[in-house]
Amino acid sequence: MEVLGIDIGGSGIKGALVDSETGEMLTKRFRLPTPPSRKPQEMAEVVDQLIKHFDYKGPVGCGFPATIKKGVVKSYGNLHKKWLGVKVNELFSEATGLPFTVINDADAAGFATMNYGIGKGKMGLVVMITIGTGLGSGVFLDGRLIPNFELGHIPYKKHSKIESWAAASIKEKENLSYEKWGKRFNKFLALVELIVAPDLIILGGGTSKDFDQFKDHIKIDTPVIASKLRNHAGIIGAAAAVAQ
Ligand code: BGC
């Protein structure tokens, strides 16, 4: 089935048409910037613009950068606090007139990676980490998603969430080299290893394409690999969620 997958991020809202059975992207990715307010209504308008760009009419799968329980935002991450308690699928359906399935963005990226990417067939406890505006996590036991793990929310020193010290957006903001940031990211992975003892960690998100530039600073025991789907995984996994 041809489904529009949308990946909502703190800096961009991206979409593409996807074959929801094979995970193949059928069009190029189209991106619009996330409104700086990061508020519900403004973001819903951008989602509508994206749908108009594809002239799409059908079910939409959407990865959203927050904890989502039964469609409701439970923890808003890097977005505006007005998102708390919002039923995302209803808001986006009202704005666009189309039915929406909404899941956490890192769960979506992990789902695509485990079903169509480098994670296919990997058993045991696999943790997908998406490196972007925040640090997202998707956790899989023998290939099955355990939703809404928020490993980027682990407190670290004076930071209430480690993602506000070790995400890609912080690398950019503080103009950190791959060495400096890689050491921070390694601290984060060491905590992940300590807390959930995964068998494998897969890195996704835009920054994972530069893995070669920071892999020497990753010194944990758990094997760490980069997803080849990069920042397409969120779109593909979101589209696949519709068929689930
Ligand atoms: C949010 C997560 C999200 C991650 C990546 C965090 O700030 O709390 O839900 O998966 O960012 O977008």
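The values are calculated or read from the model by the stated rules, or taken from the named source; none is laboratory data. Just so we're clear, the structure is a prediction, and the values are computed from it rather than from any experiment. FYI the Cβ positions are ideal-geometry reconstructions off the backbone, even for glycines, and counts take in every protein chain you see.
Those residues that are free of Cβ contacts under 8 Å to residues at least 24 places away in the same chain and either exposed (fewer than 13 other Cβ atoms within 10 Å of the Cβ) or of a type outside the set (Val, Ile, Thr) (or both), I need them from region 165-180; list them, please.
Trp165, Glu172, Lys173, Glu174, Asn175, Leu176, Ser177, Lys180
Does at least one position in region 78-97 carry a residue that is over 17 Å from Gly23 (Cβ atoms), assigned to a strand (DSSP E or B), touching a Cys at 6+ places or on another chain (Cβ under 9 Å) and within 16 Å of the ligand (Cβ to nearest atom)? I'd like the intermediate steps shown before the answer.
Step one: list which residues in region 78-97 are over 17 Å from Gly23 (Cβ atoms), which gives 78-97.
Adding the requirement that they be assigned to a strand (DSSP E or B) leaves 87.
Applying the additional criterion that residues be touching a Cys at 6+ places or on another chain (Cβ under 9 Å) yields none.
Looking through region 78-97, none of the residues is over 17 Å from Gly23 (Cβ atoms), assigned to a strand (DSSP E or B), touching a Cys at 6+ places or on another chain (Cβ under 9 Å) and within 16 Å of the ligand (Cβ to nearest atom).
Name the pairs whose Cβ atoms lie under 6 Å apart, with the first residue in region 98-115 and more than 10 Å from the ligand (Cβ to nearest atom), the second in a helix (DSSP H, G or I) and β-branched (Val, Ile, Thr), and 6 or more positions between them or separate chains?
Final answer for the pair search is Thr101/Val242; Val102/Val88; Ala112/Ile236.
Tell me, yes or no, whether region 203-215 has at least one residue that is at pLDDT below 95 and basic (Lys, Arg).
Checked region 203-215: at least one residue is at pLDDT below 95 and basic (Lys, Arg).
Restricting to region 48-77, name every residue that is more than 16 Å from the ligand (Cβ to nearest atom) and either assigned to a loop (DSSP other than H, G, I, E, B) or within 18 Å of Phe111 (Cβ to Cβ) (or both). Walk me through it before giving the result.
The initial filter retains those residues of region 48-77 that are more than 16 Å from the ligand (Cβ to nearest atom), namely 48-60.
Across region 48-77, the qualifying residues are Asp55, Tyr56, Lys57, Gly58, Pro59, Val60.
Only one residue in Ile195, Ile235 is touching a residue at least 40 places away in the same chain (Cβ under 8 Å) and surrounded by fewer than 23 Cβ atoms within 10 Å (Cβ to Cβ), so which one is that? Quick ask: steps written out before the conclusion?
Numbers: Ile235 fails: surrounded by fewer than 23 Cβ atoms within 10 Å (Cβ to Cβ).
So the residue among Ile195, Ile235 that is touching a residue at least 40 places away in the same chain (Cβ under 8 Å) and surrounded by fewer than 23 Cβ atoms within 10 Å (Cβ to Cβ) is Ile195.
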